[in-house]
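Okay, structure first, notes after.
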Amino acid sequence: MPCVVVFNHNHGWHSQQLAFALAHYEVETIYSNLSQCKVDLSLPFGLYIPGLNNQLPDAVIVRGIASGSLEQISFRLDILHMLEKLGIPIFNSPSAIERTVDKARTSLLLHHKGISTPRTWVYEDKEQVCIAITQAIQENHQLIIKPLFGSQGRGIHFIHHKNLDEVVPEGNLYYLQEYIPPITPNLWKDWRVFVIQHRVVAAMIRCGQSWITNAAQGAVCIAVIDLDPEISQLACRATRAVDVDYGGVDIIQSVNGYQVLEVNSIPAWKALQRVTKSNLAQTLVNELIIKKLKHF
């Protein structure tokens, strides 16, 4: 029986949904954790993955990489890179994850592909941050600070001269973005668009209780049946720009049109599944795993 490894540091609903979808094709799912893998050159492939009896999986789905030191994260990505070198399909690929988990790199790639995204500044020097804040005041806009490797709306704050000394950036790196105010005052919303192989398969509007509109922060999610073609095209251009097999694209509307906030290469879809009729895990497995493995 073919097997697919699902890597996560805390297996739950998403892993279970993928396992159900794979079982439809009589594919075994192995739950694993990259932090429990090891390099052992006495083994046939030089890698040990718990549950595989020194064999290689037929494919890999990455659902999460636990936080850790730079060395630990690098080693876990090394495991994925080596599996890819051995010919194992990985979704998303380690290179795609590296491109998107780093918000600065994503912002640069979107910018270089001519995709509208909020103005962004990344500094190590606090004096440069002061200059950016002063410039923002002169231009009558606000700045927000985000963790470079953050997710689910955690660690996002407005930044200004008054709280500059109170905000401790992760890794001593300031990732700043221009705040995009809502078109209608106090009506905070954005779009989460789920894209597989550069094709939109589902979308929802996230209406926030505040300016942070992540579902994990209490946003109300509303299904989108007829997605604006402009949003759909923008989402697909964004996944192509960062070269991911699938992703969750966050899009906001500004006075100058739609803009891409982020592209997530390990997107959660539990909130989206609640407002979507199609089985997203099954679609993901159908489009990526089954089509990739010809002997299925």
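The values are calculated or read from the model by the stated rules, or taken from the named source; none is laboratory data. A quick note: this is a predicted structure, and the numbers were derived from the prediction, not measured. In this analysis, Cβ positions are derived from the backbone assuming ideal geometry, glycine residues included, and neighbour counts consider all displayed protein chains.
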Top-ranked residue in segment 276-296 [being of a type in the set (A, V, I, L, M) and modelled with pLDDT under 95; ranked as surrounded by the fewest Cβ atoms within 10 Å (Cβ to Cβ)]: Leu293
Flag if Ala59 is closer than 25 Å to Pro2 by Cα and either touching a strand residue (DSSP E or B) at 6+ places or on another chain (Cβ under 8 Å) or not assigned by TED's automatic domain parsing to the domain that holds Lys146 (or both): yes
Test: residue in segment 202-215 that is more than 24 Å from Leu108 (Cβ to Cβ), in a helix (DSSP H, G or I) and aliphatic (A, V, I, L, M): yes
Test: residue in segment 102-119 that is over 20 Å from Asn264 (Cβ atoms) and buried (at least 19 other Cβ atoms within 10 Å of the Cβ): no
Segment 15-32, residues that are more than 18 Å from Leu52 (Cα to Cα) and at pLDDT below 95: His24, Tyr25
Selected residue [surrounded by 14 or more Cβ atoms within 10 Å (Cβ to Cβ) and hydroxyl-bearing (Ser, Thr, Tyr)] from Ser32, Ser42, Ser67: Ser32
Residue list for segment 126-179, filter: in a helix (DSSP H, G or I), small (Gly, Ala, Ser) and modelled with pLDDT under 80: Gly171
Any hit, segment 45-52, residues being outside any helix (DSSP H, G or I) and under 30 Å from His141 (Cα atoms): no
When residues of segment 254-296 are limited to those that are without any contact (Cβ under 8 Å) to a residue 24 or more places away in the chain and assigned to a loop (DSSP other than H, G, I, E, B), the one nearest to Ala235 (Cα to Cα): Lys277
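With the structure loaded, tell me whether Tyr246 is over 16 Å from Ser265 (Cα atoms), in contact (Cβ under 8 Å) with a residue 12 or more places away in the chain and in contact with a strand residue (DSSP E or B) (Cβ under 6 Å, 6 or more places away or on another chain) or whether it fails that test.
no
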Single condition Gly218 does not satisfy, out of (1) within 17 Å of Ala268 (Cβ to Cβ); (2) in contact (Cβ under 8 Å) with a residue 12 or more places away in the chain: (2)
Filter result for Ala19 (among the aliphatic types (A, V, I, L, M), without any contact (Cβ under 8 Å) to a residue 40 or more places away in the chain and exposed (fewer than 14 other Cβ atoms within 10 Å of the Cβ)): no
Matching residues, segment 240-253, being in a helix (DSSP H, G or I) and either among the aromatic types (Phe, Trp, Tyr) or surrounded by 17 or more Cβ atoms within 10 Å (Cβ to Cβ) (or both): Ala241, Val242
Where Leu187 falls short, out of the listed (1) part of a loop (DSSP other than H, G, I, E, B); (2) in the same structural domain as Ile225 (by TED's automatic domain parsing); (3) under 20 Å from the mean Cα position of the chain (by Cα): (3)
Matching residues, segment 74-101, being more than 16 Å from the chain's Cα centre (by Cα) and assigned to a helix (DSSP H, G or I): Ser74, Phe75, Arg76, Asp78, Ile79, Leu80, His81, Met82, Leu83, Glu84, Lys85
Residue in segment 245-268 that is more than 12 Å from the chain's Cα centre (by Cα) and under 27 Å from Leu22 (Cα atoms) present: no
